[in-house]
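Below you will find the structure I want to go over with you.
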Amino acid sequence: MFWRRSTGRSDVIAGNGAVATSQPLATQAGIHALRMGGNAIDAAVAAAAVLDVVEPFSTGCGGDAFALVHLAGSTKPIGYNGSGHSGSLVTLSELRDRGWQAMPVRGGPTVTVPGAMHLWHTLVDAYGLLEFSDVLNPAIRYARDGFPVSPIIAEVWRHVTGVLRSDYAREVFTVNGAAPRRGQLMKNPDLASVFRGVAAEGLGYFYEGDIAERIVRTVEADDGFLTLDDMRRHATTVTEPVSLSYCGYDVYEHPPNGQGFAALIMLGLMEEVEASTAPPMSAERYHLMIEAKKLAYADLYAHNADPDFYDVPLDELLSGKYLKKRAEMIDRNSVMEAPENGLTSGNDTIYLATADGEGNAVSFINSLYMGFGSGLVVPGTGIKLQNRGSLFRLDPDHPNAYAPNKRPFHTIIPGALYQESEIEGVFGIMGGPHQAQAHGQFISNVVDYCMSPQEALDYPRFHHDQESDTVALENGVPPHIQGGLRKLGHRLAHETSFGFGGGQAIFRLQESWIAGSDFRKDGQAAGF
């Protein structure tokens, strides 16, 4: 095989449990939960809470989260939708009467009800073996006493501090107005207090009391639309994951309002055109995957929306008849034009995977959307608020059109893989619109070419941008493949022009777990 990248990371194999996250302190918090007698669910939430502290621009309790939970002995995962609804203070017609042509990218109007904290508590309450206070303790300690900033996080932090919209936000997340340097100690004691309050008093502390009032005041002061009733009414939703058979394996994704079904469409099209018969590092394989991605994302941008407001035609989109017909549009010898999507994109998210010795596993993703989300930080709390509402459309005929109490389009997607009703593993790759196309590439690496989790994550990816119809190829794709794709008609962008996300994966290996953590992040896979 031509390609070989030495990342210095090997797959981690352990029998009693494994955790893989984008930051080593979060991974160790998950391992700590397992060692304390907790399970994969406790470990996932412990890690997510630490990431709120140590990777603050990407994630937090003021954002949203989704999860696929595999319980030992079950034949498929349980889905959890921890995304929040839009505020109830304004209607679409009122926004259009103001002359708005599109949702803003940052600020109060982009803030939806934060769902992550509710999901954290719901999961631990339903399946955890530890007290919620024990699960949050590592995050509380890092927020109170400080943590040293890791290298890649320091670099990204430097690029996003400019969006912070208040003196309080800059006080918490900068050092005299500048992003912290690698190794610099940072604290968030106000967030530690919030975590202690929720641990002691439950979800009412966050969604009904003083914290909820502070969130609403912060959003309203920046022309947003949330009310206290919006906060009080929020609930985590149990969902039925969507799945597709790919080359004898069942791939599970979270249903809309997440974009996971695009990964399934992409994989279904890849199977129809027999992409797996091409060598793994070949222009033919990359071409077929890119063309399948274009078609999948055309359907994604046309149909992904809150299923309470729009009946997403998943049965048709994932049917063999539809996929076969769509696959006929793929020409092995030339490119198709990509449709416009008209949606902005962000790529600051965390994904983590956990598994335990009893056979439970969790695929978990948590996000603020863009770096530091809306740019709003709630005074006295250290809570960053997401900007997911920026993804609403203002076209009244579009399924994702803005409406009060509606969930917006979401890019974040957890994944899971099964074979013959037995779990093979959990996986996810963060990175805004890169996620679904990265899921397709990762699953192909694992299923078609028998790669381990670490190798499958490390393998060089492409990123196709639907709006500009350009393809970025990661370093590691050799020049002759780039030339081959150009001859077919692909327009290539410089690889540094796009992000290629970062993922984690934990799979079954006989009686053990085998885990990988993407070299593109500061992450770590560990087990015991």
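The values are calculated or read from the model by the stated rules, or taken from the named source; none is laboratory data. The structure displayed is predicted, hence computed values, not measured ones. Because the Cβ atoms are built from the backbone with ideal geometry, glycine has one as well, and the counts that use them run over all protein chains shown.
Among (1) touching a Ser or Thr at 6+ places or on another chain (Cβ under 7 Å); (2) more than 24 Å from L95 (Cβ to Cβ); (3) of a type in the set (S, T, N, Q); (4) not assigned by TED's automatic domain parsing to the domain that holds P307, there is one condition N387 misses while meeting the rest; what is its number?
Status for N387: all satisfied but (2).
Does S363 meet the test of being in contact with a Pro (Cβ under 8 Å, 6 or more places away or on another chain) and closer than 17 Å to D64 by Cβ?
In short, yes.
Contact list please: Cβ distance under 8 Å, first residue in the range 502-523 and more than 12 Å from I423 (Cα to Cα) and without any contact (Cβ under 8 Å) to a residue 40 or more places away in the chain, second residue surrounded by 22 or more Cβ atoms within 10 Å (Cβ to Cβ) and of a type in the set (S, T, Y), pairs at least six apart or on different chains.
Qualifying pairs under 8 Å: none.
To continue, here is another question. Would it be correct to say that T174 is buried (at least 19 other Cβ atoms within 10 Å of the Cβ) and polar (S, T, N, Q)?
Against the criterion (buried (at least 19 other Cβ atoms within 10 Å of the Cβ) and polar (S, T, N, Q)), T174 does not qualify.
Of the residues A47, A65, which is touching a Leu at 6+ places or on another chain (Cβ under 6 Å) and part of a strand (DSSP E or B)?
After ruling out the rest, the residue left standing is A65.
Identify, from the list D306, D299, the residue that is touching a residue at least 60 places away in the same chain (Cβ under 8 Å), within 20 Å of P399 (Cβ to Cβ) and surrounded by 15 or more Cβ atoms within 10 Å (Cβ to Cβ).
Among D306, D299, only D306 is touching a residue at least 60 places away in the same chain (Cβ under 8 Å), within 20 Å of P399 (Cβ to Cβ) and surrounded by 15 or more Cβ atoms within 10 Å (Cβ to Cβ).
Further question: Name, by its number, the condition in (1) more than 24 Å from the chain's Cα centre (by Cα); (2) surrounded by fewer than 24 Cβ atoms within 10 Å (Cβ to Cβ); (3) farther than 17 Å from H85 by Cβ that does not hold for T218.
Here T218 clears every test but (2).
If you take the residues in the range 161-185 that are hydrophobic (A, V, I, L, M, F, W, C) and free of Cβ contacts under 8 Å to residues at least 60 places away in the same chain, which one is nearest to A49 (Cα to Cα)?
By that ranking, first place goes to L185.
Looking at V90, V113, V172, can you tell me which residue is at pLDDT 95 or above and assigned to a helix (DSSP H, G or I)?
V172
Also: Residues of the range 444-466 being assigned to a loop (DSSP other than H, G, I, E, B) and surrounded by 16 or more Cβ atoms within 10 Å (Cβ to Cβ), which ones?
M451, S452, Y459, P460, R461, Q466
Further question: Tell me, which residue of the range 17-27 that is closer than 14 Å to A515 by Cα and of a type in the set (S, T, N, Q) is surrounded by the most Cβ atoms within 10 Å (Cβ to Cβ)?
T21
For T59, are the conditions met, namely being within 22 Å of V113 (Cβ to Cβ), modelled with pLDDT of 95 or more and loosely packed, with under 15 Cβ neighbours inside 10 Å?
Considered against the rule, which asks whether it is within 22 Å of V113 (Cβ to Cβ), modelled with pLDDT of 95 or more and loosely packed, with under 15 Cβ neighbours inside 10 Å, T59 comes out as no.
Give the residues of the range 185-201 that are surrounded by fewer than 17 Cβ atoms within 10 Å (Cβ to Cβ) and either among the charged types (D, E, K, R) or farther than 25 Å from L25 by Cα (or both), sorted by residue number.
K187, E201
Looking at the range 177-184, can you tell me whether even one residue there is out of contact with any Phe, Trp or Tyr (no Cβ under 7 Å at 6 or more places or on another chain), in the same structural domain as G84 (by TED's automatic domain parsing) and surrounded by 20 or more Cβ atoms within 10 Å (Cβ to Cβ)?
no
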